[in-house]
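The values are calculated or read from the model by the stated rules, or taken from the named source; none is laboratory data. In this text the structure is predicted, and so the values were computed from the model without any measurement. Heads up, the Cβs are rebuilt from the backbone with ideal geometry, glycines too, and the neighbour counts pull from every protein chain shown. Side chains included, ligands, DNA and RNA excluded: accessible areas come from the protein's heavy atoms. Shrake-Rupley method; radii C 1.70, N 1.55, O 1.52, S 1.80 Å.
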Amino acid sequence: CRRSKRRAGLLYVGRLDSEKGVDRLLRAYVRARRFDVPLVIVGDGPLRKLVCRLSQRMPGIVYVRALPYERVFEYYATYRYVVIPSYSEGFPRVLLEALVCGNEILIFKELEIFKRFASRVFSDENELADFIRSVPNVAT
């Protein structure tokens, strides 16, 4: 995973379903109204149609269907933040991938067991929306 200047965007990689918290991630992003900070969603699953529809209607939301494993690392190298909005997890592979690539990891309190690896832990989607509003749109 190359380390270049990263855009101040949010990256979600994984299955698109409610259990993974994709719906609360989308609500927080829309509530933040910071469409200059992209939300890039890579994956497939039951919420694919919703994510696709929102990406067509909302500036800032970028939907990328599931990719070959090697290609996902291009996205980790491009965006600063990796969001893991899941309500529960075993040991998420995306966490390891983000750590290897040096991304800042954003999680919710339900995954507090992983807080030592996270840059931020949010108690709810309002806190995530507040964070998104505060993100400077500059490469780091």
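Assorted remarks:
- Scanning the range 8-45 for residues that are open to solvent by 40 Å² or more (accessible area, probe 1.4 Å), over 18 Å from VAL94 (Cβ atoms) and of a type outside the set (Asp, Glu) yields a count of 6.
- The range 53-78 residues that are on the phi > 0 side of the Ramachandran plot, paired with ones that are open to solvent by 60 Å² or more (accessible area, probe 1.4 Å) (beta carbon under 9 Å, 6 or more apart): GLY60/ASP36
- If you check ARG6, ARG57 for being modelled with pLDDT under 95 and more than 22 Å from VAL121 (Cβ to Cβ), only one passes: ARG57.
- Taking the range 1-101 and the strands (runs of 3 or more DSSP E) fully enclosed by it, the elements with 2 or more residues that are within 20 Å of PHE117 (Cβ to Cβ) and touching a helix residue (DSSP H, G or I) at 6+ places or on another chain (Cβ under 8 Å) are at 7-13, 79-84.
- Counting only residues that are of a type in the set (S, T, N, Q) and more than 20 Å from ARG6 (Cβ to Cβ), the range 117-137 holds 2 of them.
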